[in-house]
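The values are calculated or read from the model by the stated rules, or taken from the named source; none is laboratory data. Values in this document were obtained by computation on a predicted structure and should not be read as measured data. FYI the Cβ positions are ideal-geometry reconstructions off the backbone, even for glycines, and counts take in every protein chain you see. Heavy atoms of the whole protein, side chains included, go into the accessibility calculation; ligands, DNA and RNA do not. Shrake-Rupley method; radii C 1.70, N 1.55, O 1.52, S 1.80 Å.
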Amino acid sequence: QVQLVESGGGLVQPGGSLRLSCAASGSISRIDVPGWYRQAPGKERELVAAIISGGSTRYAASVKGRFTLSRDNAKNTVYLQMNSLKPEDTAVYYCHANLMTTWGTYGYDYWGQGTQVTVSS
């Protein structure tokens, strides 16, 4: 079974930093067009950052300049570096990607299980 597994969430004070990781498990050759989304209680899931098909990275206006999406293709892992965190960043964060298996199958719309990020003093 192929899936995305997230880690790195936790409690942090305003102005602090966290790095979220999203690793693809199973026989995966690459994570394609990865992105990060978040969902606060009672709110819809929203885009945080994503790499589009052309290779550019798009960020939500609320996180631009503070968050950075990156990836290590050799490790099949995607990261979200979050700096200057604010209380309004509190949410469950989900990674999302299409996955290419080592045997050539391309799967769409894989989601991680979510990791809680709480920003509070």
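Here the chain is assigned +1 on the Cβ of each Lys and Arg and -1 on the Cβ of each Asp and Glu. Its dipole about the Cα centre then comes out at about 240 debye. Here the extension length gained between Asn83 and Asn98 equals 2.8 nm, from 0.36 nm per residue of separation less the Cα-Cα distance. Comparing Ser25, Ser53, Ser17 in a Gaussian network model of the chain where C-alpha atoms under 10 Å apart are linked, the largest mean-square fluctuation is found at Ser53.
Accessible surface area normalised per residue over segment 5-80 is 53 Å², counting heavy atoms of protein chains with a 1.4 Å rolling probe. Across the accessible surface of segment 39-109, with the other protein chains kept in place and a 1.4 Å probe, carbon and sulfur atoms take up 49 percent. Restricting the trypsin sites (Lys or Arg not before Pro) of segment 36-121 to loop positions (DSSP other than H, G, I, E, B) with no more than 13 neighbouring Cβ atoms within 10 Å leaves Lys43, Lys64.
Within the listed set Gly42, Gly107, Gly65, the Gaussian network model of the chain (springs between alpha-carbon atoms below 10 Å) gives the highest mean-square fluctuation for Gly42. If you build a Gaussian network model of the chain, linking Cα atoms that sit under 10 Å apart, which residue out of Ala50, Ala74, Ala97 swings the most? Greatest mean-square fluctuation among the candidates belongs to Ala74.
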